[in-house]
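Worksheet: one structure, shown below.
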Amino acid sequence: MTAAAALRRTALEDLVEAQGATRATPPLLLPADPYFDLAGEEFGRRLLLTTAATGAEYCLRPDFTLPIVADYIANGVGEPAAFSYLGPIFRQRETGPAEFDQAGIELLAQPDGDVALDQVLTFARAALDLFGVSPSIHLGGVGLFESLLAQADMPAPWRPRIRHRFGHTEALDRLLTRLESAPELPRAEQPSRDAMVEDITEQMVAAGLSLSDGRTPAEIADRYLEQQALDAAQIPPATLKLLRDYLAISGPALQSLTRIESLARAARIDLAPALKSIRHHLDNLGEASVTFDASFSPRLDYYTGIVFEMTGPRCEVLASGGQYDRLLERLGAVAPIAASGCSVWVDRLEAEAA
């Protein structure tokens, strides 16, 4: 390591310590199941796995956020807490080593979510500045899209299915295309659930199938009735067009927010609170190059508010994060808890400064 690189690393260490947060050092070996449950198979393929003699599956630490939050919940939630970190994580990548350093902060149960996110954004900007990088900042609004979905004219069962695909551009496009081309069919009268369960049970017994291995008759009946209800629940064409128009908005942040405001006004949908919050953070970002992409979201459904990525001249993501209130509930918290945080990719920053 050169003298200049050593000085930058020391400055980054000082920045992490200056956050007034508890320094987090989660174990290097962690249970793998939470990552598969929360991040899905796509992230799971990047884990470095090992199996204990008991059959339990473990992974080398692939991030800091999940173990920090899990430990916070295990120790009793409620009090505001702040954590910072700088250390190695382990993920399989297409290029580069599987072990590399990340720095970051996690702010939990803070009294003001906007103030917490401002601190996160300021930390990420300061980390990049230490390496001489003036970033391009890419913003997204998970809460903004959820507010649009909640008010849009559509049958309720479709809202979670559309939300689940938000951030998965191709999957959401396929779903909207299917909904746009779906014929308008009359709904046939369905048998009662009890009658269907009884009929499925008789058929499974006659075929010699187990009633307990795999899906039960009740689960099969519920899935069939749910799918029938979805097929009969048509989304109005005007709503599908609204979603298409919204998701297509991307560009300089203020221009994008103005277009969203006009779209919402025409659809008689109130997005003012979410838009106000985004504009507040834009003011604090100052002269940075900021774009807003209405379709942008990490592929994790526990993000709830504003999300961001910061990139450098090489167009690699150098820092990313946002508001992820839903993660704490997914890990066992019994009430909503505000959470904001970010991770800084130290190896990429060092490459930018080299």
Ordering 261, 198 by how much accessible area each has at a 1.4 Å probe, largest first, what is the list?
-> 198, 261
Of 123, 90, 292, which has the largest mean-square fluctuation in a 10 Å C-alpha GNM of the chain?
-> 90
So, with +1 on the Cβ of K and R and -1 on the Cβ of D and E, and no other charges, what is the size of the charge dipole of the stretch 28-95 about its Cα centre, to the nearest 20 debye?
-> 260 debye
Out of the DSSP beta bridges found with both residues in the chain, what percent are antiparallel (nearest 5)?
-> 90 percent
Under a 5 Å amide H to amide H cut-off, with H placed in plane at 1.01 Å, what residues pair with residue 105 once short-range neighbours are removed?
-> 342
From phi via Karplus (6.51, -1.76, 1.60), per-residue ³J(HN,Hα) for the stretch 333-345 in Hz, x at Gly/Pro = 5, 8, 9, x, 9, 5, 8, 9, x, 7, 10, 10, 7
Where is the GNM fluctuation largest for the chain (alpha-carbon springs, 10 angstrom cutoff): 59, 342, 315?
-> 315
Would you tell me the accessible area of residue 270, worked out with a 1.4 angstrom probe on the heavy atoms of the protein chains, in Å² to the nearest 10?
-> 90 Å²
Near residue 119, within a Cβ-to-Cβ distance under 12 Å, what is the net charge of the other residues, with Lys and Arg +1 and Asp and Glu -1?
-> -3
One finds, for residue 254 and residue 299 with R0 = 22 angstrom and r their Cβ-Cβ distance, a FRET efficiency to the nearest 0.05 of 0.25
Considering Cα pairs under 8 angstrom that are at least six residues apart, work out the relative contact order of the chain and quote it in whole percent.
-> 24 percent
Kindly report the accessible area of the stretch 1-105 per residue (heavy atoms of protein chains, probe 1.4 Å, no ligands, DNA or RNA), in Å².
-> 53 Å²
Using a Gaussian network model of the chain with C-alpha springs under 10 Å, which one of 21, 126, 335 is most mobile by mean-square fluctuation?
-> 335
Specify the inter-centroid distance of the stretch 267-318 and the stretch 14-63, based on alpha-carbon positions, in whole Å.
-> 26 Å
Reported to the nearest 10 Å², residue 42 has, with a 1.4 Å probe, an accessible area equal to 90 Å²
Note down the nm distance, to one decimal, between modelled labels 7 Å out along Cα→Cβ at residue 241 and at residue 289.
-> 3.6 nm
For the chain, the accessible surface attributable to carbon and sulfur atoms (probe 1.4 angstrom, ligands and nucleic acids excluded) amounts in percent to 53 percent
Interchain or sequence-distant (5+) residues whose placed amide H lies within less than 5 Å of the amide H of residue 305 are 142, 143, 323, 325
Which residues qualify? For residue 337, with a placed amide H closer than 5 Å and at least 5 residues away or on another chain, they are 329
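The values are calculated or read from the model by the stated rules, or taken from the named source; none is laboratory data. Only a predicted model underlies this, so the values are computations on that prediction, with no experimental measurement involved. Note that we place each Cβ from the backbone using ideal geometry, even for glycine, and neighbour counts take in every protein chain shown. Side chains are part of the model used for accessible areas, which takes the heavy atoms of the whole protein and leaves out ligands, DNA and RNA. Shrake-Rupley method; radii C 1.70, N 1.55, O 1.52, S 1.80 Å.
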